[in-house]
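Student: First, the structure itself, so that you have it in front of you.
The values are calculated or read from the model by the stated rules, or taken from the named source; none is laboratory data. These numbers come from a predicted model, not from an experiment. Note that we place each Cβ from the backbone using ideal geometry, even for glycine, and neighbour counts take in every protein chain shown. Ligands, DNA and RNA are stripped out before the accessible areas are found, and what is left, the full protein with its side chains, is counted by its heavy atoms. Shrake-Rupley method; radii C 1.70, N 1.55, O 1.52, S 1.80 Å.
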Amino acid sequence: MKKDTEKIFLSTIILVLFVFLSSAGFSAEAEQPALEDSPGMVMAQQAEKGKTTWSTTDHSKHKILNQDFTSGSDITKACLSCHSEADDQIHKTVHWTWLAGEPVNGKQYGKGADSVNNFCISANNMNDKGCVSCHIGWSGKDDQINCLVCHGQNNVKWKETFDDLTYFHKEGDPESLEMAQELQGELRKAVVSIARPTRQNCGSCHFYGGGGDGVKHGDLDSSLTKPSKNLDVHMGIDGKDFACTRCHTTELHNISGRIYTAPAYTDRKSLLENDQASRITCESCHGSRPHKSGLKENDHTDRVACQSCHIPEFARVNPTKMKWDWSKAGKTKDGKPYTTEDQYGQHNYMSIKGEMKWEKNVKPQYYWYNGSLRSLTTKDIIDPTKTVYVSKPTGKREEPNARIYPFKVHEGVQPYDKIHKTLLAPLLSGDDGFFTKMDFQLAFNKGMAFSGVPYSGQFDFVNTKYFFPTTHMVAPKSDVVSCNECHTRNNSRLANLTGFYMPGRDRFTLLCQVGWLIIALSAVGVLLHGAGRIFFSGKRKE
Amino acid sequence: MNGKMKNIYLYTRYERSWHWLQMFMILLLLITGFEVHGAYKLLGFETAVSVHNTVGITWLISFAFFVFWLFTTGEWKQYIPTTRKMLSVVRYYVYGIFRGEEHPVPKRKDAKHNPLQRITYLSLAALLLPAQMGTGFLYWSYNHWEAWGIGFLPLGLIAFLHMACAFAILQFLVIHVYMTTTGHTLFAHLKAMITGWEEVDERVRIEDWEKKSS
């Protein structure tokens, strides 16, 4: 009887052990759901279905487009003859105005006005020709809209082409007229190749912000023109091949997604909740609990932005600029400006720009973020004794709509007015610009005059930071940030975020010290007690 | 040992399986818990959390069965604390045991626990383990706090209490394991918890007040 009980008992223990070990192993495996299983993926795939071309027109058949164009505004007029409201719409958009909201305390935010950054610093109220080359007018805000920047599918150098046309017509000889005819043909082809904006269209400006490929945004560069799925799961040409506008939902030429003083969105509605909702948030298509049910990841979505885990690194193909030191600008070799290159073939020194640092595969920095950035203008007073945040994410942990969000943080060393304590906006392009004359005083005098802000004549340099929210280059599931990159004591990705307890990262120093001391004392105590028993029992036997 | 020994059936099958199941769960919880707290790396944070949660919830549910068992069988009376003979038990462990004295409170079927055990196991079963399960459950359900109206609680506080209890349980474990060696042979108590049968000195009588039915 006793033996039987023993057997039954032991087998029960073994069975229980087995069940536990296997269930523990199973739940560990369950952390890796199959793609098809996660509701966020299923929802997004449903939302994405039925992607066809639904255009009802073929622009090559429109008579108005089959004419000889002699200027940009001719083309615009032709476009507007059908799309009668397009110019009114465009003129109200930020793509045209380069302004953010209404003026606040005499400061007009936006690169078209008072805002500054720590790259080329300022567009000098649209007077810097280099900066303005990205404006969608044929030549700045005073001219007509160049619809083809966003809608044209052929790459044409408009100004050169029109200049050549004028020249050939002026020459008037048969050979020149033939050349002109050829150019007209090219122009016409370009004018009728019309489409919704592709990645190439948007990228022609947005990939090159700050004066070069990947300079400004770490998550936007020419590698996204034809990205692999590995670089971006949505835009990958071997995957969904999304155009920018797939997520940047557009209404009356207003393209969603702009983040500046105002957030890009104020609510996180999925298309199920509002089928006219903008698709600018991840939640629009993936829902707010996109992971397989029961996964802890779903419990993170209220505090951690999707981007924080799903974009482990940015600049994964092309390098991005991480530091720009203007104070080193102006050096010459043999009396001439020079440049040097780093291991990526990027300029790490340019006499006309200063010293630069480029990096690839950069881990973002994480901050609480409610969707708004606070940025500085040429009219803001700074404290040059500290690092100046030219832009900074706003948001506190206590705000329900704030999330932990990944940023590229660009460091700058840039000029400021020692007397007025304002950031200086040098004029860079043009005959008097710093790029040409390499004369800071001249550049500041010209630039600040355009900005309408006084310059004392005395300048120095200050350390600055500029923040870019990271949202593109969403990596495949296999590459996401793992739990223990944040939930770890050393080198946690979230080491800088304080004021709350985070498992695995935080500890209670005193409790742990006292706790382990008690454990150690108990262990020593029982060992001594045991040793005493052995000792005295030996003595007794003697 | 001077007296003649006899075998008594001290622990029922349920008691023993519960004891070892609980031991296994607490051990797993301690190992994974300290890893989640960042004390070391073993399974990896993600797996450790997953195992900890699964085992924790299993413990909670199976503990309910234990409580049910305690009350339906009347075994809870074995946990009623007393001060009688307490001092002699303490004296035994700090002094008598070294001189080879008899244990002042021998075990019987209906008096399994000496006064020191009673107070220890009562604090354990009624205070420490429930506190650990309670804080653990709260920790686990962190995302519902807002909905439950307890969103004002800082997670750090719950984590602190949970950790403090974990240390207390670990300390109990260290002493408890050692105490199993203090029977009339090194493994007598251990064997009893496996087979259910404990060898006791047959001459010793226990007093009525020590019995659970008293």
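Student: By how many degrees, between 0 and 90 and to the nearest 10, does the Cα long axis of helix A:509-541 differ from the longest principal axis of chain A?
Tutor: Once rounded, the angle reads 20 degrees.
Student: Turning to a different aspect of this structure: So how far apart, in nm, are the two label points at residue A:340 and residue A:196 if each is 7 Å from Cα heading toward Cβ?
Tutor: Label-label distance for residue A:340 and residue A:196, simple model: 4.8 nm.
Student: I need the calculated FRET efficiency for the pair residue B:99 and residue B:128, taking r as the beta carbon distance and R₀ as 30 Å, to the nearest 0.05.
Tutor: 0.40
Student: Can you give the accessible area per residue of chain A, in Å², using a 1.4 Å probe?
Tutor: It amounts to 53 Å² per residue over chain A.
Student: Report relative contact order for chain B in percent, whole number only (criteria: Cα-Cα under 8 Å, sequence separation at least 6).
Tutor: Computed value for chain B: 33 percent relative contact order.
Student: By the scheme Lys and Arg +1, Asp and Glu -1, what is the net charge of all other residues having a beta-carbon under 15 Å from that of residue A:82?
Tutor: Result for the local shell: -2.
Student: Please compute the modelled spin-label separation between residue A:274 and residue A:107, points set 7 Å along Cα→Cβ, answer in nm with one decimal.
Tutor: 3.0 nm
Student: Let me ask another. So for segment A:274-353, taking the charge dipole from beta-carbon charges (+1 Lys/Arg, -1 Asp/Glu), which of A:300, A:276, A:352 sits furthest toward the positive end?
Tutor: Towards the positive end, the residue furthest out is A:352.
Student: So what is the relative contact order of segment A:311-485, in percent, for Cα pairs below 8 Å that sit 6 or more residues apart?
Tutor: Relative contact order, segment A:311-485: 25 percent.
Student: First select every other residue whose beta carbon is under 13 angstrom from the beta carbon of residue A:161; then total the charges, Lys and Arg +1, Asp and Glu -1.
Tutor: Here the count lands on -3.
Student: For every other residue with a beta carbon closer than 11 angstrom to the beta carbon of residue A:260, add +1 if it is Lys or Arg and -1 if Asp or Glu, then tell me the sum.
Tutor: +3
Student: Return the lysines within reach of residue B:6: Cα separation strictly under 16 angstrom, same-chain partners fewer than 8 residues apart disregarded; answer none if there are no such residues.
Tutor: A:2, B:107, B:109, B:112, B:191
Student: Ignore the peptide's own chain and count Cβ atoms of other chains within 10 Å of each Cβ in A:501-508; give me the average, rounded.
Tutor: Average neighbour count from other chains, rounded to a whole number: 6.
Student: Work out, step by step, the length gained on full extension between residue A:387 and residue A:361: first 0.36 nm times the residue separation, then minus their alpha carbon distance; give nm to one decimal.
Tutor: Stretched out fully, the residue A:387 to residue A:361 stretch lengthens by 6.9 nm.
Student: In addition: About its Cα centre, what dipole magnitude does the protein assembly as shown give when the only charges are +1 on Lys and Arg Cβ and -1 on Asp and Glu Cβ, stated in debye to the nearest 20?
Tutor: So the magnitude is around 4100 debye.
Student: Now for a different question. What is the calculated FRET efficiency for residue A:64 to residue B:65, with r their C-beta to C-beta distance and R₀ = 60 Å, to the nearest 0.05?
Tutor: Once rounded, the FRET efficiency stands at 0.10.
Student: With unit charges on the beta carbon (Lys/Arg positive, Asp/Glu negative), name the residue among A:47, A:483, A:236 whose Cα is farthest towards the positive pole of the charge dipole of chain A.
Tutor: It is A:483.
Student: Between 0 and 90 degrees, rounded to the nearest ten: what's the tilt of helix B:129-140 against the longest Cα principal axis of chain B?
Tutor: Helix B:129-140 sits at roughly 10 degrees to that axis.
Student: Roughly what angle does helix A:72-82 make with the longest principal axis of chain A, taking Cα atoms, 0 to 90 degrees, to the nearest 10?
Tutor: Result, in degrees: 70.
Student: Moving to a separate point now. Per DSSP H run of n ≥ 4, the term is -39500 (n - 2.57); total these for chain A, divide by its residue number, and report the mean residue ellipticity at 222 nm rounded to 500 deg cm²/dmol.
Tutor: After summing the helix terms and dividing by the residues of chain A, the value is -9500 deg cm²/dmol.
Student: Counting only C-alpha contacts under 8 Å and six or more residues apart, can you give the relative contact order of chain A as a whole percent?
Tutor: So the answer I get is 14 percent.
Student: Another question, then. For segment A:395-405, in order, what is each residue's ³J(HN,Hα) by Karplus, 6.51 cos²θ - 1.76 cosθ + 1.60 with θ = phi - 60°, in whole Hz (x at glycine and Pro)?
Tutor: Going residue by residue, I get x, 10, 4, 6, 6, x, 8, 7, 10, 6, 10 Hz, with x marking Gly and Pro.
Student: Would you mind checking segment B:1-37 for residues with the amide N under 15 Å from a putative spin-label position 7 Å along Cα→C-beta of residue A:533?
Tutor: B:1
Student: Also: From Cα coordinates alone, what are the radius of gyration and Dmax values for chain A in angstrom?
Tutor: Both quantities, over Cα of chain A: 30.9, 131 Å.
Student: Report the accessible surface area buried between chains A and B, summing both sides, using a 1.4 Å probe on protein heavy atoms only, in Å² rounded to the nearest 100.
Tutor: Answer for the A-B pair: about 4300 Å² buried.
Student: Would you kindly find the accessible area of residue A:41, with a 1.4 Å probe and non-protein molecules such as ligands, DNA and RNA excluded, rounding to the nearest 10 Å²?
Tutor: 60 Å²
Student: Sum -39500 (n - 2.57) across every DSSP H segment of at least 4 residues in chain B, then divide by the residue count to get the 222 nm mean residue ellipticity, nearest 500.
Tutor: Here the helix-only value at 222 nm equals -18500 deg cm²/dmol.
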